[in-house]
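See below for the structure under consideration.
The values are calculated or read from the model by the stated rules, or taken from the named source; none is laboratory data. All values reported here derive from a predicted model rather than from experimental measurement. All Cβ positions, even for glycine, are placed from backbone atoms using ideal geometry, and neighbour counts span all protein chains on display.
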Amino acid sequence: MSNGKVTVRPAGEEDLGRLNDIYNRYVVETHFTFDIEPMTLEERQEWFTHHAGTGRYRVVVGASEGTVVGYASSSRWRQKPAYETSIETSIYVAPDAVGRGIGTRLYDELFKSLQGEDVHRAYAGIALPNQASIALHERFGFKRVAHFTEQGRKFDRFWDVGWYEKPLGSA
Ligand SMILES: CC(C)(COP(=O)(O)OP(=O)(O)OC[C@H]1O[C@@H](n2cnc3c(N)ncnc32)[C@H](O)[C@@H]1OP(=O)(O)O)[C@@H](O)C(=O)NCCC(=O)NCCS
């Protein structure tokens, strides 16, 4: 990546190609996400229609000299209506840009943008091991509330998932 300043802002349609490339790299190479096949751009565009840019479901991107280097999102946790006040967050930084504070900037902006929204809990499922993700989530006040064993199968083996929870503003 370039060493230019990283700007964090709401995502737009034009960011989706690069955002998806970053995500798909982790799909193909790691257990960090339980997707197994790369997401198509059409699937990503459909996903984006559920992230209005206002309200509970949002996407922010970090851009360096016009290139997206990472993103964070808040999505619906589960469909049943009483779950509405819970969100699931997700965050991916380009492999050549990790460890430089970009993940921290992205979550900072995402959670700032959610202040005042009717959301009460955020959840993140971290497929283990993933020390960087654990450190980031703990930095933002997430606590591990569950350890599911062998919850997913990828690359011909089972993976445990640590479920992390963060209280948010709404009473
Ligand atoms: C997890 C991820 C988003 C963190 O973003 P990042 O820009 O690398 O993180 P930052 O530089 O902001 O650092 C955040 C914290 O993680 C720690 N950290 C970063 N990389 C680390 C590593 N490889 N091992 C241990 N800790 C690490 C930092 O020290 C920092 O901790 P601190 O707040 O206690 O100082 C990023 O590493 C990533 O995209 N990883 C691959 C995809 C992924 O795992 N996504 C999450 C799926 S649950």
Scanning for something exposed (fewer than 15 other Cβ atoms within 10 Å of the Cβ) and either aromatic (F, W, Y) or within 15 Å of the chain's Cα centre (by Cα) (or both), does the stretch 66-78 turn up at least one residue?
-> yes
Picking from S113, S133, S73, which residue would you name as being near the ligand (Cβ under 8 Å from one of its atoms), under 23 Å from R9 (Cβ atoms) and hydroxyl-bearing (S, T, Y)?
-> S133
Just a yes or no: is a residue in the stretch 31-49 among the hydroxyl-bearing types (S, T, Y) and touching a helix residue (DSSP H, G or I) at 6+ places or on another chain (Cβ under 6 Å)?
-> yes
Single residue of the stretch 7-32 satisfying the filter (under 13 Å from V93 (Cα atoms) and among the hydroxyl-bearing types (S, T, Y)) that is farthest from the ligand (Cβ to nearest atom) | Y23
Taking the condition modelled with pLDDT of 95 or more, part of a strand (DSSP E or B) and within 13 Å of the chain's Cα centre (by Cα), does A122 pass?
-> yes
Output the residues belonging to the stretch 33-48 that are in contact (Cβ under 8 Å) with a residue 24 or more places away in the chain, closer than 22 Å to V69 by Cβ and within 15 Å of the ligand (Cβ to nearest atom).
-> T33
For the stretch 1-82, list the strands (runs of 3 or more DSSP E) that sit wholly inside it and hold at least 3 residues that are at pLDDT 95 or above and more than 18 Å from R100 (Cβ to Cβ); which are they?
-> 67-76
